[in-house]
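Structure record follows, encoded as structure tokens.
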Amino acid sequence: MLETIGFVFPNDLHIHWSLMIVLYPYITGLVAGAFVVSSLYHVFDMEALKPVARFALMASLAFLLVATWPLLLHLGHPFRGVNVMITPNATSAMAGFGYFYSGYMIILLFEVWLVFRKDIITYARRSRGLKQTIYKILALGVYDTSEKAQAIDRKMVKFLAAIGIPGAFLLHGYVGFLFGALKSNPWWSTPLMPIIFIFSAVVSGIAALIVMYQVAMKLKGLVIDRACIDTMCGWLWMFLMITASLELLELVTLSYEKAEEWEIIGQLLFGPLSFSFLGLQMIVGVLIPFILLMIIVLMKKNMGDKVANTLSFTAATLLLIQVFAMRWNVVIGGQMISKSLAGLREAYKPELFGKEGIMMAIGIMVVPFVIIFVAEWLLPMFRYSEEQTEKLSENTTTYYE
Amino acid sequence: MEPIKEKRVLRERGIGMKDISRRGFLQAAMGASVLGALSAVLSAVVPGKVKQALASTKVQPEKVRTGYDPYEHYYSYIINLHKCIGCGSCVRACKMENDVPTGFYRTWVERYQKGEEEHARIDSPDGGLYGFPATTAGVEGVTKAYFVPKMCNHCDETPCVQVCPFGASYKTPDGLILVDGDRCMGCSYCVQACPYGSRFINPHTHTANKCTWCYHRVSKGLKPACAHACPTGTRMFGDIKDPYDPVRHIIEEERIAVLQPQLLTKPKCYYIGLDKEVR
């Protein structure tokens with residue numbers, strides 16, 4: 001018998017949307033966030049982000065490739081899932097998923113190909129054997145690297161990156177809408193939900209890039225670009241403030257209005273969810289990173305590279321936890337409240353093994369990194385151009401390749 | 001009043017037609033012939049409304065044989081809370097009739113005990129499957145207590161059908177909300193969208209499951225199992241397209257309420273004597 005507080009509708013005892021449904025918005029958030037970083041360079045010409053621009057794009061693709069896996073694992077009949085695209089129900093928010101996902105996938109694949117096209121051709125000419133065959137396939141039979149062709153490539157990349165931003169927001173804001181548009185659940189039902197999702201997606205994307213970029217540089221023995229880290233920290237700080245404001249705004253409004261649902265939501269947040277909400281999402285996830293990032297942003301002139309890297313790495317890691325906690329608190333928290341609004345579940349623990357368990361979640365989260373490793377092996381993302389090498393050495397930073 | 005009684009007799013006989021036993025058949029045949037004669041007399045004497053009523057009834061033997069036309073019906077449900085004694089017969093009947101998995105409920109009964117505290121104390125042990133233990137423990141100075149049977153409201157503006165990604169959940173012409181178990185992929189979106197907690201994912205079939213108002217019975221002229229089993233007449237099932245149906249009369253003439261009216265889901269389950277504590 002499950003422990004409950006108050007009165008829970010007999011059918012509300014079950015958490016149907018499990019850890020997998022927590023993971024799904026987390027992954028699409030990383031997709032959208034990483035894409036935004038790459039677009040800041042490709043569309044808004046933010047030169048400081050050049051070192052991570054290509055990597056961000058590839059990371060976005062790597063996460064997008066696994067985004068559907070948790071959903072399919074969650075479904076009772078995954079093979080029927082294809083009906084979402086064949087016979088969609090026009091009134092269903094969920095019916096758009098297949099189209100948004102595939103549309104975004106096309107944009108992303110096309111942009112990745114254009115960004116790496118010149119490299120692909122170079123490697124196709126340089127390498128031999130199996131590797132050459134792979135590059136030849138990737139080149140899709142186009143070997144034009146003239147200035148004119150490259151200029152067209154750049155224009156196309158800019159265009160795709162530009163339409164990709166609303167695309168990413170649509171893909172992820174839509175996930176927020178899935179929750180926000182359910183009037184049955186007071187903890188989900190708010191028009192703020194898609195906006196909160198989008199901003200926290202950008203937070204998770206930038207945070208993931210700060211972490212992955214630093215780890216990648218360490219693994220490859222390259223020097224971490226300070227300007228890039230500083231820029232990302234600045235953006236992260238801003239997006240964190242917006243996200244935290246929105247998340248708090250939702251609660252403050254509910255409690256100040258003394259809304260009917262606040263009675264139960266308050267009980268949830270300060271009861272069963274107090275660790276993951278107050279502890280992880282708000283204190284560990286917002287307050288500490290906010291202070292750390294503020295230090296980095298305001299004191300960057302007096303700060304050594306090593307300190308800045310450590311601080312940003314810590315803040316970014318905490319923010320990755322914050323966003324995961326936020327997804328958890330929304331998805332699981334929403335189901336812990338009974339629709340009777342008179343009671344809630346005391347706790348929920350996901351299973352360890354099994355198709356929707358913790359091990360499976362970890363397994364899914366490892367796959368994008370495997371994809372990134374393979375991609376890095378095929379198409380190195382961190383090779384600096386000659387001019388940048390010069391610029392780096394001018395800045396008295398040692399650079400090894 | 002007379003036509004309603006006639007209608008009842010007709011319905012009873014109609015039900016009898018479905019029994020394959022010799023006795024049932026003979027009873028029904030007798031009933032039908034008596035009613036046939038009666039209707040002939042009635043139609044000769046009072047043509048207007050009565051004739052219409054008899055024509056619209058779905059229990060004439062020919063209708064049963066030729067099949068069921070969902071466009072001729074529109075169902076509603078009345079729950080008279082003044083009558084419910086919390087025996088749980090309906091929950092048991094539903095479990096048996098529909099093979100509802102353990103721990104899940106297509107219908108359930110809640111008990112409310114209002115004392116000195118701000119809110120009523122609510123409980124529903126095993127959905128009321130085994131009735132309720134006689135206790136007022138934990139509630140001081142109980143001033144009122146009542147039972148509230150609940151089930152799918154078969155809402156006209158139902159959020160569950162709205163959110164189903166590809167129409168596995170749908171509304172029938174006679175107003176029922178059903179799930180196509182061969183089509184449902186088990187995404188649970190409808191379960192989340194239902195404000196009444198009426199839906200669940202069947203752990204055996206991994207598809208959405210809910211009250212069907214016993215469509216398999218209703219479409220044969222029978223009552224849903226819960227209404228059939230109710231010993232006090234708390235639960236009443238009826239067809240509002242039938243001008244002489246008692247349920248239609250209650251909806252038209254009595255003061256009734258629905259659960260969570262602010263959500264505008266337009267439930268077709270109407271309550272008599274609903275208290276403000278009930279959501």
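The values are calculated or read from the model by the stated rules, or taken from the named source; none is laboratory data. Here the structure is a predicted model, which is why all the values come from computation and not from measurement. Don't worry about glycine lacking a Cβ; one is built from the backbone with ideal geometry, like all the others, and counts go over all protein chains shown.
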query: So B:Lys220 fits all but one of (1) basic (Lys, Arg); (2) surrounded by fewer than 22 Cβ atoms within 10 Å (Cβ to Cβ); (3) touching a helix residue (DSSP H, G or I) at 6+ places or on another chain (Cβ under 7 Å); what number is the exception?
result: (3)
query: Which residue out of A:Phe35, A:Phe63, A:Phe55, A:Phe9 is within 8 Å of chain B (Cβ to nearest Cβ) and touching a residue at least 12 places away in the same chain (Cβ under 8 Å)?
result: A:Phe9
query: Only one of (1) within 14 Å of chain B (Cβ to nearest Cβ); (2) over 30 Å from A:Leu341 (Cβ atoms); (3) of a type in the set (Ser, Thr, Tyr) fails for A:Ser18. Which number is that?
result: (2)
- prompt: Which of the residues belonging to segment B:90-111 are over 15 Å from the mean Cα position of the chain (by Cα) and either under 17 Å from B:Val148 (Cα atoms) or polar (S, T, N, Q) (or both)?
  reply: B:Thr102, B:Glu110, B:Arg111
message: Only one of A:Ile152, A:Ile195 is buried (at least 16 other Cβ atoms within 10 Å of the Cβ), part of a helix (DSSP H, G or I) and of a type in the set (Val, Ile, Thr). Can you tell me which?
response: A:Ile195
- prompt: Taking the stated definitions as given, is A:Tyr41 free of Cβ contacts under 8 Å to residues at least 40 places away in the same chain, part of a helix (DSSP H, G or I) and either away from every other protein chain (no Cβ under 14 Å) or farther than 20 Å from B:Met185 by Cα (or both)?
  reply: yes
task: Being touching a helix residue (DSSP H, G or I) at 6+ places or on another chain (Cβ under 8 Å), among the hydrophobic types (A, V, I, L, M, F, W, C) and within 14 Å of chain A (Cβ to nearest Cβ) narrows it down to one of B:Cys226, B:Cys230, B:Cys214, B:Cys187, so name that one.
output: B:Cys187
- line: Per the filter on segment A:285-295, residues in contact (Cβ under 8 Å) with a residue 40 or more places away in the chain and within 12 Å of A:Ala316 (Cα to Cα) are A:Gly285, A:Val286, A:Pro289, A:Phe290, A:Leu293
field: Residue list for segment A:181-192, filter: free of Cβ contacts under 8 Å to residues at least 60 places away in the same chain and either buried (at least 24 other Cβ atoms within 10 Å of the Cβ) or touching an Asp or Glu at 6+ places or on another chain (Cβ under 7 Å) (or both)
entry: A:Leu192
message: Quick check on segment B:106-117: of everything there that is free of Cβ contacts under 8 Å to residues at least 40 places away in the same chain and either at the interface with another protein chain (Cβ under 10 Å from one of its Cβ atoms) or not in a loop (DSSP other than H, G, I, E, B) (or both), which residue is farthest from B:Cys84 (Cα to Cα)?
response: B:Gln113
- prompt: Taking segment B:162-184 as the region of interest, how many residues are under 19 Å from B:Ile78 (Cα atoms) and either facing chain A (nearest Cβ under 8 Å) or touching a residue at least 60 places away in the same chain (Cβ under 8 Å) (or both)?
  reply: 3
- request: Within segment A:348-397, work out how many residues are modelled with pLDDT under 85, surrounded by 11 or more Cβ atoms within 10 Å (Cβ to Cβ), assigned to a loop (DSSP other than H, G, I, E, B) and small (Gly, Ala, Ser).
  value: 0
task: Just give me the residues in segment A:287-331 being of a type in the set (Gly, Ala, Ser) and within 17 Å of A:Trp237 (Cα to Cα), in sequence order.
output: A:Ala308, A:Ser312, A:Ala315, A:Ala316
statement: Matching residues in segment B:79-105 (more than 13 Å from chain A (Cβ to nearest Cβ), within 28 Å of B:Glu254 (Cβ to Cβ) and either modelled with pLDDT under 95 or assigned to a loop (DSSP other than H, G, I, E, B) (or both)) number 7
task: Could you tell me whether A:Leu293 is buried (at least 20 other Cβ atoms within 10 Å of the Cβ), part of a helix (DSSP H, G or I) and not charged (D, E, K, R)?
output: yes
query: In this structure, does A:Ser18 turn out to be surrounded by fewer than 23 Cβ atoms within 10 Å (Cβ to Cβ) and out of contact with any helix residue (DSSP H, G or I) (no Cβ under 6 Å at 6 or more places or on another chain)?
result: no
- line: When (1) buried (at least 19 other Cβ atoms within 10 Å of the Cβ); (2) within 13 Å of the chain's Cα centre (by Cα); (3) modelled with pLDDT of 95 or more are applied to B:Val179, the one that fails is (2)
field: Residues of segment B:118-161 that turn out to be surrounded by 17 or more Cβ atoms within 10 Å (Cβ to Cβ), more than 10 Å from every other protein chain (Cβ to nearest Cβ) and in a strand (DSSP E or B), as a count
entry: 5
